[in-house]
Amino acid sequence: MLMDTLDRILKPFHRLLASSGQKCLTCGRITSLSREYLGICRTCYMSIPWITRPRCIYCGRQIGCPDCTREQAGPWHFVCNRSAATYNADMREWLAQYKYRGNEAYAPLLISMLERAYRQLQQEIAKKQQISFHKTGQAAEVQWQAHMITSVPVSLERLKERGFNQAEVLARGLAAAVKLPYAELLQRDRHTHKQSFKSRMDRLKDMEGVFRSLPEAAEVIELLATSIYSRTKALKSINSAMADAPFSLRILLIDDIYTTGSTINACSQELKIAGETQGIPVEIFSLTWARS
Ligand SMILES: [Zn+2]
Ligand SMILES: [Zn+2]
């Protein structure tokens, strides 16, 4: 009897709890959402084609990669690329929602995915440093980090059309999440057309003169490098094993998609030149949301 009464009293609450699910951003189902699943439903989360073990150490591709090992691939100006996920049909739809339909609700999801990819890159480099420590006896830094974040720019024409630079929003979000400074360093003078069907040589030619560093880029690089250098120098005086490691400014370059690498490569080249004008060696690590 008591149970019946209790049941009668609690029933409306049960119903309320059952219907209090939220709408999943990516599939529209009403269900419970959690931060563990990046704010989408479990099913959608499970369908993300994460790249956890890249086969190609250069471009971060999940599958075997002839592009990066071919000799005529030309000069690479960045250390490596890592991407959060493989660009499949679902990811294409998510990106379309965000980039072309301007659905801002997708930004936090894509940023969380990038953040995971960044943490994974940190771990990967930490592992490499441990191996080299065993070989050389030279201690690694406490935790590997990029020094700053920047993004691949869009042309003015695209900016007017879309109203925002999709890569910049992702980069700024990531910078806030991992507590690194963000600065715009590049500009894009013209827009290029779809490149996937061209040969690598043609793509490289197409990219000539597309990107330029902003007039203030060299100064930003110098200011940041100087402040980090003096900080690490103080650290090195405590840890003498670190003293001989050469300094270079590590820039994390963000874009939504990595396809052929020609965009990232052209941007990296400009960033390196901007550093060189100030006598500062720059290393570029590319982090992209998806690898096509
Ligand atoms: Zn869902
Ligand atoms: Zn590759």
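No value in this document is a laboratory result; all are computed from the given coordinates. Predicted model, so just to flag it, every value in this text is computed and none were measured. Positions of Cβ are backbone-derived with ideal geometry, glycine not excepted, and every protein chain shown enters the neighbour counts.
Here are some notes:
- 3J(HN,Hα) couplings calculated from phi for the range 51-64 with the Karplus curve 6.51 cos²θ - 1.76 cosθ + 1.60 (θ = phi - 60°) are, in sequence order, 9, 9, 10, x, 6, 9, 6, 8, 9, x, 6, 6, 10, x Hz; Gly and Pro show x.
- Protection proxy ranking for 273-285, 123-135, using the average of other Cβ atoms within 10 Å per residue and placing the highest first: 273-285, 123-135.
- Residues in the range 83-91 carry Karplus couplings, in order, of 10, 5, 9, 7, 7, 9, 4, 5, 5 Hz; the curve used is 6.51 cos²θ - 1.76 cosθ + 1.60 with θ = phi - 60°, and Gly or Pro positions show x.
- Near the amide H of residue 25, within less than 5 Å, lie the amide hydrogens of 41, all on another chain or at least 5 residues away, with H placed in the peptide plane.
- Under Karplus coefficients 6.51, -1.76 and 1.60, residue-wise ³J(HN,Hα) of the range 166-176 in Hz, glycine/proline x: 4, 6, 5, 4, 5, 5, 5, x, 5, 4, 5
- Computed over the range 51-291, the P(r) curve from all C-alpha pair distances, binned at 10 Å from the origin, holds 7, 30, 38, 20, 5, 0 percent per bin.
- Per-peptide average of other Cβ atoms within 10 Å, ordering 83-92, 55-64 highest first: 83-92, 55-64
- Near the amide H of residue 214, within less than 5 Å, lie the amide hydrogens of 186, 187, all on another chain or at least 5 residues away, with H placed in the peptide plane.
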